[in-house]
Each structure stands twice: as structure tokens, then as C-alpha cells.
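The block underneath contains the structure these notes are about, expressed in C-alpha cells.
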Amino acid sequence: MFDPRDDTRDRGDDGRDQTGDPRDVFLHDVDLPLEREREYVLDRDHVYELNGDDARTLATVGAFRVVPERELLDGDDALSVSDSLDHLREQGLIETVPIGDHDQGIVLTDKGRDLLDANRRDRESDDADGQAFHAGVLRERELEHDASMYEAFRTEELRIRDEHPGAEIHRVVLEEDLKREYQEFLQEHNRDRPDSDGRPDRSDYEIERWAQEHDLPYFDEQVHFPDFRIEYDVDGRERHEDVEVLTPHYRGAHLSGRAKCGFRCYSTGGSGRSGGKVSVHLAEDLLA
């Protein structure tokens, strides 16, 4: 019987075949196949078969938690991606969730996320700079908003590459991951203390310093977080872009506050690509 651990096929100098697909950004820290032919991939006692489209779809969906199926199928290789989605569903690595009344999204199952994590290049490392992957739905009531982030990313990615030729995008960091790091900072003094009441004891000055160190806005006595952050470098210099997706219910003080943060803002609206699906565009009019 074939054991995937015996697979010694060459995947290039860094362990992967290099095909130049923009979705490879999300596979930067993961060693999965990138060719057309499917290969055996191991996760503990489970063996899966994946090719490049399968791996890219898994990583892209995991990076954003939920991606509209139509966005994944929007390209010249739609038939190949459609086959990949069917294959991943059959293997129990992804599932479909409804978005509003007319759309559907793709999310990872726990098995899908575990497969990505199990095939990280350096599983023993505590490196917090790798791409995080997410499974399932985080907030049902915000699902339509969360499903708009991938299109905002695609638009912003094109802008970055147009303005900064040669830019290398490393990863996307979701709001929930930034907030998790913030909570770890707040609770650091309570860690491993059985007598702790669980209340953070950070001063306003410490919190503001933390926000500055992470290049996040701090005003109205709180840290403000974008929907996601794109980390990239240009000529070896690290940069990032913070992106916010505004939905139609953003009004008044809430909208003004998001504008004050200085995030790159996109808004969602109807009558998009097909059948009234959500589309994303730069929110200049809303913020004027």
C-alpha cells in the first residue's frame, strides 16, 4: 500500500512547485501540492488526495474564513475550480453555507483547517507571523459582511501591485486574530495566576503604546481594528494595509469613526455581478 510519507517527488527548491498563481500567497507557509495531478497528503491517520487547485482553494477559504463560491469560480479556470470544490466536499474538507437569499459561501470544516495546519512547513515553531486558517462560521449575523472581504482583498491587492511593482504579499490577518493578540497582551499579567480575578490591569498608557507598536488607531479610549490587514514588503521593507468593509447599515457616528481610523475602506452594495449579488467598491462617496 502506498504511504504518502514515502512520497519523495521534487516540489522545487522550497518544497513546492512554483506556478505563479496569486492564491499561492496563502500557501506560503504550507507544503501542499501545486501541480494539476493529485497527490496523497497526510493528516495524522487520514490520507487525502489534493492537487494545486484543491490546495489553493483550501488555503484561500481558510485565510478569510468564508468566501463566496461565485468568487472562487470567477476566472478562466472556472471548470477546474468547480471540480476542485466538488472533490473537497466529497473529502469532507469544505462545506457550503447560505449567504443571504441568493448566494452561497464556502467555509472549511475542522478537517480542512487541520489538514492545512498539519502540513505547515515548521509545525514546531511558535512563529506568529504565518498565515492563520479558520474553519466554520464565526458570526451568523455578520456572514454577508465577512463574505465580502475576499473581494475587497482582491481589489486592494491589485492596487498594491499596481502602485508598488514587485510587492510581495505575505499574509492576511483577520480582525479576530488582531484582537486575539490584543487580549493576550491585556491578560499577560493574569496568566498562570490562580488568584487572578481575570480583569486586565493594563493602564491607558500601556494600551495606547501597544496600539502604536502595532500601528493601530487609538482614540475614544480604545483600540480600533480593521476587518483585515494585508502584510507585504516592497524592496525588502515591510508594509501593511488595513482594510475595512462597510455595509449599508453603517451610518452616522459609526461611519465617521471608521473613516477616522484611516483604514482603506470599501463598501458593499447590491446589483453587483449577477442577480443582485453583493459587490465591493471603494467607499469614497460614503466617507465624503
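The values are calculated or read from the model by the stated rules, or taken from the named source; none is laboratory data. The shown structure was predicted, so the numbers you read here are calculated from the model rather than taken from an experiment. Quick reminder, even Gly has a Cβ in these numbers, built from the backbone with ideal geometry, and neighbours come from all protein chains shown. Each accessible area value is taken on the protein alone, full model and side chains, heavy atoms only, with ligands, DNA and RNA left out. Shrake-Rupley method; radii C 1.70, N 1.55, O 1.52, S 1.80 Å.
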To the nearest 10 square angstrom, what accessible area does Tyr218 show with a 1.4 Å probe? 60
As a test of understanding, state the convex hull volume per residue of the range 67-209 from its alpha carbons, in Å³. 195
In cubic angstrom per residue, the convex hull of the range 22-102 built on its Cα atoms measures 105
Within the under-13-Å Cβ sphere about Phe225, not counting Phe225, Lys/Arg +1 and Asp/Glu -1 give a net charge of -4
What number comes out for accessible area per residue over the range 43-181 if the probe is 1.4 Å? Units Å², please. 47
Please give, to one decimal in nm, the separation of the simple spin-label points placed at Arg199 and Asp86, each 7 Å out from Cα toward the Cβ. 6.0
Residues whose placed amide H lies under 5 Å from that of Asp227, excluding near-sequence neighbours: Val243, Glu244, Val245
